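*Asks:* I have a structure I would like to understand better, so I am pasting it below and will then ask my questions one at a time.
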Amino acid sequence: MPLFNYSIVFLQKICDNRGRKNLANQVFSLEQKRSGFSGKLGFVLAAAGSAVGLGNIWRFPYLAAKYGGGIFLLVYILLAITFGFALMVAEIALGRKAQLSAVSAFAKFNRKFSFMGYLASIVPIIILPYYSVIGGWVIKYFVAFCCGNMSAAAQDGYFNSFISSTGEPVLYFAIFLGLTALIVLLGVEKGIEKVSKFMMPVLVILSLGVAVYSVCLPGAMDGVVYYFTPDFSHFSVTTVLAAMGQLFYSMSLAMGIMITYGSYMKKEVNIESSTRQISLFDTGIAFLAGLMIIPAVFSFSGGDQSALGQGPGLMFVTLPKVFETFPGGAVVGALFFLLVLFAALTSSISLMETVVSIFIDKFGWKRNVTCLIVLGGSVVLGLLSTLGYGIWADVKILGMQFLDFFDFISNSVIMPVVALITCIFVGYVIKPQALIDEVETGNVRFKSKKLFVIMIKYIAPIFILLILISSVLSAFGIIKI
Ligand code: TRP
């Protein structure tokens, strides 16, 4: 018996060590990210680098266009400053308190909740492949602009004929995913991050310029009005669900990422103000992307509002038209897609790193082998998404094409479930005070303490539950929302 006990202890030690080594590697890389910055700026930049990506530039504008413009923007901002804020503070504080990544953090507080680590881990596994498909679309447009095909890219039907073909979307998806895997395999993320730290501000400035230009296009003012004035007749449960899913997606919430980031955060860094800065930056970029695209849709569609509802293709269809009317548009457009590509790559690298470390933590596989396995799995899932717009367009799950289905199941089902259980876990199991103490470490005052408690204990869980039930019922056609 003692021998048996001893072997268990020994086994646990091995696992512990392995976990710690992993964590140590990651901490090391995060410390490196921080080099040259104060602890707080380093943290905010690293978290913002993961948060800002295709979610802001590609996903936010098409959702805002589709779900009523101003009303979507209003709901999104309201959710961001209440819900998003509380959830992000909770995740970062959870991670910093536990000093562990998501998979183990929940288990450390309460064994019964260890399933949450796994549930949260499913999200990046689903997102990475289809994120790479969209990343591939960005490369395609970058290449088109570089090869002097801007006018062709600005034609109606160019986007649809591209995504419904077989070879090209698969090729560009493979290039994007391959690039991501190569960077992760070679461990050259730091180089990419250095470049992207320089690229990000350029992207912001360029986007500002394009937004100003878009707003001045003939007929664009109607679009500005649509984007800024909330029209309550467009309000529905779907608007709220879409805004909530987008909030989680864009701020990398409800998937364990912020817990892991929090576990690397120094104790003296202020969680509350870091959260405010990350969400302000993330929302600012999304807002700007909407301003680039939505007024332009009005200008080019000549008042035909059906263009607003076209979904994932919106950015790719609209922006080439904007650049085409630009003096030197081919160069500006190529630069723009290159910058978006960098923003997408930093996010996909972080997604892949997360997935790889989930498997290493769980199974103790070698890093390189794990990278290849994750790459293989992502190729299969990504192929479904790519071909789902082409030769497999007739295959539908719950009435959705593969890419839309993966997007729906992660953003509108699993993430809200993770967020809901996180709220219950914090509100009723470990109690908000435990995290308030963490936020207030070192005599920091938690200014929005009341908002945090009310959100986490009452408003957020009830709200998410209602939204979830109605969305699932509507997906199965039981109710119409
Ligand atoms: N937030 C990212 C974006 O807006 C996408 C994303 C979701 C992500 N989850 C992530 C990025 C996890 C890195 C890690 O594009």
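*Asks:* Please give the calculated 222 nm ellipticity per residue for the chain, where each DSSP H segment of at least 4 residues contributes -39500 (n - 2.57) and the sum is spread over every residue; nearest 500 deg cm²/dmol?
*Replies:* Details: 23 runs with 350 residues, N = 481.
-24000 deg cm²/dmol, from helical runs alone.
*Asks:* So what is the relative contact order of the chain, in percent, for Cα pairs below 8 Å that sit 6 or more residues apart? Spell out each step's value before the answer.
*Replies:* Working: 673 pairs, mean separation 146.9, N = 481.
RCO, the chain: 31 percent.
*Asks:* Can you pull the one-decimal nm distance between simple spin-label points at Val204 and Val413, each 7 Å off the Cα toward Cβ?
*Replies:* 3.8 nm
*Asks:* For Thr283, Thr275, give me the order by solvent-accessible area with a 1.4 Å probe, most accessible first, ignoring ligands, DNA and RNA.
*Replies:* Values: Thr283 30, Thr275 0 Å².
Sorted by accessible area, descending: Thr283, Thr275.
*Asks:* Can I ask one more? Treat every Asp and Glu Cβ in the chain as -1 and every Lys and Arg Cβ as +1, leave all other atoms uncharged, and give the resulting dipole magnitude about the Cα centre to the nearest 20 debye.
*Replies:* Numbers: 33 positive and 22 negative charges, 367 e Å.
It comes to approximately 1760 debye.
*Asks:* Right, another one. Please work out, to two decimal places, the log10 of the ratio I(q)/I(0) at q = 0.06, 0.12 Å⁻¹ from a Debye calculation in which every Cα of the chain carries one identical scatterer.
*Replies:* Relative scattering, expressed as log10 I(q)/I(0), comes to -0.26, -1.08.
*Asks:* So, one more: Please identify the chymotrypsin sites (Phe, Trp or Tyr not before Pro) of segment 378-481 that satisfy two criteria: DSSP loop assignment and at most 14 other Cβ atoms within 10 Å. Which are they?
*Replies:* Values: sites: Tyr389, Trp392, Phe402, Phe405, Phe406, Phe408, Phe425, Tyr428, Phe446, Phe452, Tyr458, Phe463, Phe476; in loops: Tyr389, Trp392, Phe446, Phe476.
Within segment 378-481, the qualifying chymotrypsin sites (Phe, Trp or Tyr not before Pro) (loop, at most 14 other Cβ atoms within 10 Å) are Phe476.
*Asks:* Straight distance only, please: which lysines reach the Cα of Lys140 with their own Cα at less than 26 Å, same-chain residues fewer than 8 apart left out?
*Replies:* Lys66, Lys190, Lys194, Lys197, Lys321, Lys396
*Asks:* Could you check the spin-label model distance between Ile397 and Leu280? Points 7 Å from the Cα along Cα→Cβ, value in nm.
*Replies:* 4.0 nm
*Asks:* Got a sec to turn the phi values of segment 394-409 into Karplus ³J(HN,Hα) couplings, 6.51 cos²θ - 1.76 cosθ + 1.60 with θ = phi - 60°, whole Hz, x for Gly and Pro?
*Replies:* 7, 7, 10, 10, 6, x, 10, 6, 3, 4, 5, 5, 4, 5, 5, 5
*Asks:* By accessible area of protein heavy atoms, probe 1.4 Å, what ranking do Glu193, Glu91 get, highest first?
*Replies:* Details: Glu193 45, Glu91 5 Å².
I get Glu193, Glu91, largest accessible area first.
*Asks:* Looking at Gly135, Ser101, Ala211, which one has the Cα that reaches farthest to the positive end of the dipole of the chain (charges on Cβ: Lys, Arg +1; Asp, Glu -1)?
*Replies:* Highest projection toward the positive end goes to Ser101.
*Asks:* Report the full-extension gain for the segment Ser233 to Gln155: residue separation times 0.36 nm, less the Cα-Cα distance, to one decimal in nm.
*Replies:* Numbers: separation 78, 0.36 × 78 = 28.08 nm, distance 3.29 nm.
Extra length available between Ser233 and Gln155 comes to 24.8 nm.
*Asks:* If you line up the Cα atoms of segment 105-158 on their principal axes, what length do they span on each, largest first, in Å?
*Replies:* Reported extents, whole Å, longest axis first: 58, 20, 12.
*Asks:* Could you list the residues of segment 412-454 with an amide nitrogen less than 15 Å from a label point located 7 Å from the Cα of Leu465 in the Cα-to-C-beta direction?
*Replies:* The answer is 417-429.
*Asks:* When N counts the residues of segment 393-481, how does its alpha-carbon radius of gyration compare numerically with 2.2 N^0.38 Å, as a ratio?
*Replies:* 1.46
The values are calculated or read from the model by the stated rules, or taken from the named source; none is laboratory data. This structure is a prediction, so every number in the text was calculated from the model and none was measured. Positions of Cβ are backbone-derived with ideal geometry, glycine not excepted, and every protein chain shown enters the neighbour counts. These accessible areas exclude ligands, DNA and RNA; they are computed on the full protein's heavy atoms, side chains included. Shrake-Rupley method; radii C 1.70, N 1.55, O 1.52, S 1.80 Å.
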